[in-house]
Every structure is written in structure tokens, then in C-alpha cells.
Amino acid sequence: MSRRVFLIVLDSFGIGAEPDAAEWGDEGSNTLCACASTGELDVPNMTKLGLLNIEGALESPYATTLAPIDKPEGVFARLREASAGKDTTVGHWEMAGVISPHRFPTYPNGFPKEIIEEFEKQTGRGVLCNKPYSGTQVIHDYGQEQLKTGELIVYTSADSVFQIAAHEDLIPPKQLYEYCRIARRILTGKNGVARVIARPYIGQYPNFERTSNRHDFSLEPTGTTMLDVLKKQGKDVLSIGKIYDIFAHRGITDFVYTKNNADGIDRTIEATEKDFDGLCYTNLVDFDMVYGHRNNAVGYAHALNYFDQKLPEIMAGLHPDDLLMITADHGCDPVTPSTDHSREYVPWLVCGPKARKGIDLGTRPTFADVSATVLDYLGAPSLEAGVSHVKEILEG
């Protein structure tokens, strides 16, 4: 008998600062409460599953009217990150069973001269910017110069990323991806950044805008992930969104890229109609990329509302032995002055036709409890990281 798990990552949906948040400049962050403070948040379906009953989720400096409910209908928990990081790569790897004890390199002063010179040599193009920058601001400030010179806009952030922006009329996305592969080969060892990211854009000054042709080129996971285990066991592993790239194409049996959150949600609903045995792993990136990094708390709240409105459609597609899990990979508080990720706990909501109701798993010490539970539920060998909660989740 086949079993399916649908694991949906609301990218950057944190629920409160972790104990070491001050070390990361994120003391007091709470993405959930920041969105609620706008007065626009309306997520009755996630609330019904226990979102607001999660330990500590409502502890924040923001004024909200949020309150727990009497009888939540899901299994819920708060997950703490055990890895040294607060970015997409580290968060997804950990929930897949690989804990990263060391921080990836970051470049607050731009990339070293030798890296840029080698990149210019291998691409045959000069480099503009080479400093930490907002992704939307960098194309505004350097887009005209790029169109005149043909040089590549290279920038970074507080995360371990080497980002390359290029106008699609000047450098088609396929060519930009090849430049990213060149950068990926260069950035190894002590300069092994977590991700090289292609950032295509279109339009005319001052109205340049990024397109959905973004593409991530990640380091390979440093250990065996639940995706590797499931694929080896002959299970299906479906990727929706950027999951395929985050895991450097490893452990995936089928994948589809998405244009935005709505597209990712639709593809997930379509996946519920497919006959497969294993895992469907979805990333909804707009929460982070479009709203969190742009400090757009109202937009973030509306995006959460849209997902919540579509949640019943996802749940309606579950088969009797399916589980649905909703979580996140880090925070990105849209109210703090910073536009970077925040070191936060993340929610873990679990439901399904045979799942118990109102089960509080408390605070778990690692995101890896997700992978341990998925592997156990799908009958696959366990990894060393995390603890399975299948017994607490299932009825009877």
C-alpha cells in the first residue's frame, strides 16, 4: 500500500526569535506576528490546525490580536534550528536530515579580488557592483550601466550567496545560467558559498523588474538527505519550486519549476491527483523573495492569506494514508530595519485523514525531526539526525 507525504515550505515563515537570535542581529524577530501587526492577516485554516497554539509563537514585541484556539485539529510543534545558519540552503538541508555545524562564508565587503578576476577571465565579461545590495535596488542602480557595457552585476547579501543579475535582452537566461555554473565551479573550498543565484531582469530604466527565470546553483548537501534515502528505496520524490536546485538535483525523481506562489500551490494540488508512493516537496518562495526581503509586511500577510484560502483544496486531495506537513526554513521579519533573513523558530503543522487532533509536540531541538518522521512514515531507513513522531501523529 502506497503512502504519500506532502511537505510544503512557506519560505521564511518564522514564528519567533531563537535563543541565539541576538548573535545574528535578530533579537525580537517574529515574522508571524509582524504580519499580524498589519491588521491584514487572516489564516483561519492554519489556525484551525494549531498555528497559534504553537509554543512561543505569539511572543513578540508586536501588538496583535492573535490568540490560541480551544480545540486545534492538527499536530503542531515549534522547530529550532540546530545548524549554524539562517538561510534557505541550511534550513532545507536540516529538515532533510543534514545539520550544518559551520557557517557558510559571507562577504560583507564583496568578493575577494582573485575570485572576481577569475570569474571575469572565464566569462569574458567585466563585473559591476561586487558588494552587498538589495536585489531590486541593484538593478535600479546598475542596470543602465550593464546595458551600456555588457558587464555582469555581481552582488551578495548577509547570506552566503553569489548573485548575478543580467538583463534578458542583453544576456538570455540560458547564457546567464552558464555564467552561474562557471561561478559555481570557482566558488569552492574556503569560498564555497551556499548558493550561486541567477537573477534575470527585464524592462527599461527606472522600471527594471526581476523575472521568474531565477535559478539557484547550490552546493551539494554535505551528507545523506532523506531525498537520497527515499530515492534509493525506490520511492517517488517530487520537487515543486526550487527544491530541485537547493539539493543540487540530488535525490529527486521528478521536478517542476514554478513562477510564483500561486503556481506552486496549483502544482501541489495537481500532485495530490497523481498516483505516486513517496514524498512531494514544495517550496513557496514569494513569502521570502517578494515580501520578506522587501519589508512588505502587508504583502506578506496577504500571501499567507492566499495560501490559507487554498489549503482546503490541498487537504481535499489527500488520500486516506497521506500526511500533509507545513513548515518553513528560517524567518524574514518584514518589520525590522533589516531586509535579510532572521534567526527564528519555524512552525510544523501536520494533518491527514488518520492523523490525531490537537497534539502538541512542544519545541523540538532540530528541523531534522521532519526528515526522521517522513522516513519513518514512508518505511525508509532512518538517518542519524532528528526524532520521528509517527507514533504521536497517527491515531490509535
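The values are calculated or read from the model by the stated rules, or taken from the named source; none is laboratory data. These numbers were taken from a predicted model, which means no experiment stands behind them. Quick reminder, even Gly has a Cβ in these numbers, built from the backbone with ideal geometry, and neighbours come from all protein chains shown. Quick note on the areas: whole protein, heavy atoms, side chains included, nothing else; ligands and nucleic acids left out. Shrake-Rupley method; radii C 1.70, N 1.55, O 1.52, S 1.80 Å.
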Task: Single residue of segment 53-78 satisfying the filter (over 21 Å from the mean Cα position of the chain (by Cα) and hydrophobic (A, V, I, L, M, F, W, C)) that is farthest from ASP369 (Cα to Cα) - done: ALA63
- [ ] Would you confirm whether any residue within segment 174-193 is touching a His at 6+ places or on another chain (Cβ under 7 Å), within 18 Å of LYS259 (Cα to Cα) and open to solvent by less than 10 Å² (accessible area, probe 1.4 Å)?
- [x] no
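Step by step: first the residues of segment 236-255, then only those that are aliphatic (A, V, I, L, M) and assigned to a loop (DSSP other than H, G, I, E, B), then the one that is farthest from ASP87 (Cα to Cα). Which residue is that?
ILE252
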Open item on the list: Looking at segment 320-327, can you tell me whether even one residue there is closer than 26 Å to GLY28 by Cβ and either free of Cβ contacts under 8 Å to residues at least 40 places away in the same chain or not in a helix (DSSP H, G or I) (or both)?
Closed with: yes
Open item on the list: Between GLU120, GLU81, GLU94, which is open to solvent by less than 30 Å² (accessible area, probe 1.4 Å), acidic (Asp, Glu) and outside any loop (DSSP other than H, G, I, E, B)?
Closed with: GLU94
Open item on the list: Anything in segment 261-298 that is open to solvent by 10 Å² or more (accessible area, probe 1.4 Å) and under 22 Å from PRO44 (Cβ atoms)? List them, or say none.
Closed with: ASN261, ALA262, ASP266, ILE269, ASP286, TYR291, ALA297, VAL298
Task: Number of positions in segment 242-257 that are crowded, with 19+ Cβ neighbours inside 10 Å and either on the phi < 0 side of the Ramachandran plot or without any contact (Cβ under 8 Å) to a residue 12 or more places away in the chain (or both) - done: 7
Open item on the list: Regarding segment 224-241, can at least one residue be identified that is free of Cβ contacts under 8 Å to residues at least 40 places away in the same chain, more than 20 Å from ALA328 (Cα to Cα) and open to solvent by less than 40 Å² (accessible area, probe 1.4 Å)?
Closed with: yes
